[in-house]
Amino acid sequence: MRKWIIGAVMAVGLAGAVQAQGTEIEGVISRQIEAFKVDDFAQAFTYAAPSIQGMFRTPENFGRMVTQGYPMVWRPADVTYLDLREEAGRYMQVVRIEDTQGTVHFLGYSMIETGEGWKISGVQVLEAPGLSA
């Protein structure tokens, strides 16, 4: 019985930690999206992981990539946070974004924790749930 209680307490503690991380992660993604909405690419760039910043080198290059490759992130009509998953020490936040034309997109935000807090280390477009071949 005692082992079960200790296990239950640990599970609740871990769930609370993941929930707290989820809140922080959602905050970072939300702040980046808000920066995109007003074309503040310099601010949006600060939420990118060092590897992403190194890849694009300037906020202007980063902004061009987003506006051309991820218009649904640049100008979303609606954003909903879904599952947060931990995979091999990294966290993947699944986000449902509806664009201004009403099309729904599912994106996976890869997140890493740095000395400066959570950063976005990549975004990938995911298949819509239930539509896989």
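The values are calculated or read from the model by the stated rules, or taken from the named source; none is laboratory data. As the structure is a computational prediction, the values presented were derived from the model and not from experiment. Cβ atoms come from the backbone with ideal geometry, glycine included; neighbour counts cover every protein chain shown.
Summary of computed values
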item: Complete set of residues in segment 49-60 that are buried (at least 17 other Cβ atoms within 10 Å of the Cβ) and outside any helix (DSSP H, G or I); result: Ala49
item: Segment 76-95, subset of a type outside the set (A, V, I, L, M) and buried (at least 17 other Cβ atoms within 10 Å of the Cβ), residue modelled with the lowest pLDDT; result: Tyr91
item: One residue from Glu116, Glu86, Glu98 being farther than 18 Å from Val28 by Cβ and not hydroxyl-bearing (Ser, Thr, Tyr); result: Glu98
item: Matching residues, segment 68-99, being over 12 Å from the mean Cα position of the chain (by Cα), of a type in the set (A, V, I, L, M, F, W, C) and in a strand (DSSP E or B); result: Ala77
item: Thr114 being touching a residue at least 40 places away in the same chain (Cβ under 8 Å) and surrounded by fewer than 15 Cβ atoms within 10 Å (Cβ to Cβ); result: yes
item: Any chance Gln68 is under 16 Å from Val123 (Cα atoms), at pLDDT 95 or above and surrounded by fewer than 12 Cβ atoms within 10 Å (Cβ to Cβ); result: yes
item: Subset of segment 101-111 (residues that are hydrophobic (A, V, I, L, M, F, W, C) and more than 16 Å from Gly27 (Cβ to Cβ)); result: Val104, Phe106, Leu107
item: Residue identified as among the small types (Gly, Ala, Ser), outside any strand (DSSP E or B), surrounded by 13 or more Cβ atoms within 10 Å (Cβ to Cβ) and modelled with pLDDT of 95 or more among Gly63, Gly102, Gly108; result: Gly63
item: Condition check for Ile120: of a type in the set (Val, Ile, Thr), under 17 Å from the mean Cα position of the chain (by Cα) and in a helix (DSSP H, G or I); result: no
